[in-house]
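The values are calculated or read from the model by the stated rules, or taken from the named source; none is laboratory data. The shown structure was predicted, so the numbers you read here are calculated from the model rather than taken from an experiment. Cβ atoms come from the backbone with ideal geometry, glycine included; neighbour counts cover every protein chain shown. In case anyone asks, the SASA skips ligands and DNA or RNA and just uses the protein heavy atoms, side chains included. Shrake-Rupley method; radii C 1.70, N 1.55, O 1.52, S 1.80 Å.
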Amino acid sequence: MSAANSMGFAKPPAETRVVVAMSGGVDSSVVAALLKSEGYDVVGLTMQLYDHGAATAKSKTCCAGQDIYDARRVSDMIGIPHYVVDYETTFKADVMDRFAEAYIHGETPVPCVMCNQTVKFRDLLKAAKDLGADALATGHYVQRVATGAGVEMRQAVDPDRDQSYFLFATTRAQLDFVRFPLGGMTKPEARVLGQKFNLHVASKPDSQDICFVPNGDYAAVIRGLRPDAAVPGEIVHVDGRVLGRHDGVIHFTVGQRKGLGVGGEAEPLYVVRIEPETARIIAGPKETLLRDSFALHGVNWLGAGGGPDADGVQVRVKLRNTHTPVAATLFGEADPAKARVVLAAPEAAVTPGQACVFYAETQVLGGGWIARDHGAALIPHNLRRPGPSVTAAAG
Amino acid sequence: MAPNDSTSYLDYNATTPVLPEAAQAVAASLSLFGNPSSVHAAGRRARAAVEEAREAVAAAMNAAAQHVVFTGSGTEANALALRGLAAANRCTAALSAGIEHPSVLAHVADEHIPVDAHGVIDLAALERALGSRAAPVLVTLMLANNETGVLQPVAQAVELARKYGALIHIDAVQALGKVPVDFRALGADSMSFSAHKIGGLKGVGALVLRPGVEIAADIPGGGQERRRRAGTEHVSGIAAFGAAARGVPTLLSAAPRITALRDELEMQIQSGVPQARIFGAAVARLGNTACIALPGVSSETQVMRLDLAGVAVSAGSACSSGKIAPSPVLLAMGVGESTAKTAIRVSLGWDTTAADVDRFLKVWLPLAANAAA
């Protein structure tokens, strides 16, 4: 038996079909060109996710964005078959609607995780299997390492580029099938490869923000999806004073400081809690943001065993993509989809709807969604002060 | 699997290979660099090539050469007909069937006449629509549908149009070379054609006009094509169109052989895959076209699997992104969206062999078997 090829199969690359999820960006283009140069039977697939013309309010433009043309152009140039698969319906239901729903419920979602766990690693992965592929490769910066005990996910070698936060929901079965050829590379190295392969996208800027929110105005996208979404309400201080009014909870994120539009307070105020039921935004000084424990739902476990130990396991947790992981104890529950996190030191801005991803060194142990905290008791009593009446709030 | 060095091309309704005669005509035309509008000898030589081609094209559908207008595509020929006839004749409304090509539907906002489950226009509904509107109405109907191949009752439609003082345009893009087309006998006001469906080049079409019918230019700005279509002529493409048009009788004589191959393909499908559905099989249709739904396997998957195995077919209506939407033609026939999303079009042509059909079946039948499992 010959040694395994770079995709981990004991057969020649030419007999190994790899579907590459091509976004039209430099990373996935490099993956396709690299695998092609190694002799694999490479097929490019690009997902049509939403009507680009509608998203940019230019109804006369094509449904496809420039990225699809770039992916096709790269495929033509490197000489691989390329197809566009239409996931508009499922992307709307599984990503965009859930995105809007989360904001309406006072959460701050991570749509890229939702997309990876549904459209990309469920539907696109099935399409790859339907095409007889041995593996699905993507341009993500994360490492997949096959060990004697199974397949592990690890952070990318380039810490600035690591995308493991967005991939925590990848199941073991999915991880078996996917490959991340860029996980061991830095972004500059990938760009050099792009130039070496003479790809016209080699210097294309990185995609920013959320793909279906092209100009950053996510609230406008939510109003488009759910015209009833923005219910005006009160901005209330943790001490009970009404500070002002707002145009809808969808405009707020826990931990947010700017945009509250309230002045005259002794210390800067942050969004501490969002109460969609009463359309109230609770604001308070920075110390009222601190949390040392929170619940998770939708937990995916990639560590040893069937889930985190009920007696607690020491991990490091990342609470948002830009967060530096901190020490915590993770407690499993009878329901494997649930867990509780107790932080070694309190953190500001534990934001409901964001992912909490677990690490042991660089290994990704899984993660879960941060649940909304419902308890009013979270406002420490010593911070409650008898406030002036509602009318005094103007400032 | 290693890439296939040859392809079984079963997508003739999308476009055809260039006929050798057409390629030779292109080669010969390249030395005719003159502008056909020029007075001098170089211009005259180019003009002669264009006029020679015009005669050949006119002969292919039994029309008069002076009433053939060369355009940049079949789509442009449809646009010239629908906009030009409506403008010059002050038409009150435009009617078409819901199964028309998008290049026709783009100009018909007033009413889409329903089709039956086989994809044939409801003539009674057309007559009601004509009777309820002030003359002159502009009717447009395709001779053969591009996706199912189903032939439309164009002769009866022309009769109805005459009865109600309407004008009628026939989109014959998909029909030429596959079934006999006789423009003079039909008596329509105009008929559109495309060169690359009969072995010519992409980028050339033609609109044929009934003698005496009034039409306004859609692209003004020059005296070419008797002021009905401005712009310097695509001499090489037109020369190739002429050469391909001369080959139409040969294409028609190949039709029985092609139909036999198509029927064999459909028979294998019907006997091997009872859940498959073939559209339009119960009515008159082009002998080269098979429109097949395979429940449980998306059109996308079928087209991709076949392509990766070296078999070219198509599905639905592809956006320029390459995304495949369910066929509006099938939806207009009352086919459910979930079934329409599993339909592909297999269209054969003069170079198709039994080996091509076998190759298609060798890939497609296992797909069906896997879906059923």
| Semi-axes, largest first, in whole Å: what does sqrt of 5 times each Cα gyration tensor eigenvalue give for the stretch B:1-149? | 36, 26, 12
| request: For helix A:187-196, report the angle its Cα long axis makes with the longest principal axis of the Cα atoms of chain A; keep it between 0 and 90° and round to the nearest 10°. | output: 30
| Separation of the B:Ala216 and A:Ala266 label points, Cα + 7 Å toward Cβ, nm | 7.8
| request: Let me have the relative contact order for chain B, percent, based on Cα pairs under 8 Å that are six or more residues apart. | output: 23
| query | Relative to the first principal axis of the alpha-carbon coordinates of chain A, what is the inclination of helix A:26-37, with its axis defined by its Cα atoms, in degrees from 0 to 90 and to the nearest 10? | reply | 20
| message | Report the per residue volume, in Å³, of the convex hull enclosing the C-alpha atoms of the stretch A:13-196. | response | 134
| Per residue, the convex hull volume that the Cα atoms of the stretch B:98-187 enclose (Å³) | 91
| query | Can you give the mean number of other chain Cβ atoms that lie within 10 Å of the Cβ atoms in peptide B:294-305? | reply | 3
| request: Could you work out the equivalent-ellipsoid semi-axes for chain A, taking the square root of 5 times each eigenvalue of the Cα gyration tensor, largest first, in whole Å? | output: 41, 26, 17
| message | Whole-Hz ³J(HN,Hα) for each residue in the stretch A:162-170, computed from phi via Karplus 6.51 cos²θ - 1.76 cosθ + 1.60 with θ = phi - 60°, x for glycine and proline: what do you get? | response | 3, 10, 4, 4, 7, 10, 4, 7, 5
| request: Determine which lysines satisfy two conditions relative to A:Lys258: a Cα distance under 20 Å, and not lying fewer than 8 residues away in the same chain. | output: A:Lys286
| To the nearest whole number, what is the average tally of beta carbon atoms from other chains within 10 Å of the beta carbons of peptide A:122-135? | 2
| Using only the Cα atoms of the stretch B:165-287, what do you get for the radius of gyration and for Dmax, in Å? | 18.5, 58
| query | How high is the relative contact order of the stretch B:193-341, in percent, counting Cα pairs under 8 Å that sit 6 or more residues apart? | reply | 13
| note | Across A:10-19, the residue-averaged tally of Cβ atoms belonging to other chains within 10 Å stands at 1
| task | Evaluate the charge dipole of the stretch B:46-123 about its Cα centre and quote only its size in Debye, nearest 20, assuming +1 on the Cβ of each Lys and Arg and -1 on the Cβ of each Asp and Glu. | result | 320
| query | Applying the Karplus parametrisation 6.51 cos²θ - 1.76 cosθ + 1.60 with θ = phi - 60° to the phi angles of the stretch B:133-139, what ³J(HN,Hα) value in whole Hz is obtained for each residue in order, glycine and proline being reported as x? | reply | 10, 6, 6, x, 8, 9, 9
| request: Pop out the carbon and sulfur fraction of the accessible area of chain B as a percent, whole number, probe 1.4 Å. | output: 56
| query | Which ³J(HN,Hα) values, rounded to whole Hz and listed in residue order, are derived for the stretch A:80-85 from phi using the Karplus coefficients 6.51, -1.76 and 1.60 in 6.51 cos²θ - 1.76 cosθ + 1.60 with θ = phi - 60°, glycine and proline given as x? | reply | 10, x, 9, 9, 9, 10
| request: Give the angle, between 0 and 90 degrees and rounded to the nearest 10, that separates the Cα long axis of helix A:66-78 from the longest principal axis of the Cα atoms of chain A. | output: 20
| query | Tell me, Kirkwood radius of chain B from alpha-carbon pair distances, in Å? | reply | 21.3
| field | Rg/Rh (Cα only; Kirkwood hydrodynamic radius) as it applies to the stretch A:291-370 | value | 0.91
| Three semi-axes of the equivalent ellipsoid, the protein assembly as shown, Cα gyration tensor, whole Å, largest first | 59, 33, 24
| Electrostatic dipole magnitude of the stretch A:220-276 [Cβ: Lys, Arg +1; Asp, Glu -1; Cα centre; debye, to 20] | 200
| remark: Rounded to the nearest 100 Å², the accessible area buried between A and B, both sides, probe 1.4 Å, is 1500
| request: Mind checking which lysines have their Cα closer than 30 Å to the Cα of A:Lys36? Skip sequence neighbours fewer than 8 apart in that chain. | output: A:Lys11, A:Lys120, A:Lys126, A:Lys129, A:Lys187, A:Lys196, A:Lys204, B:Lys323, B:Lys362
| Antiparallel DSSP beta bridges within the stretch A:13-196, as percent of all bridges there, nearest 5 | 30
| query | What is the antiparallel percent of DSSP beta bridges lying wholly in the protein assembly as shown, to the nearest 5? | reply | 65
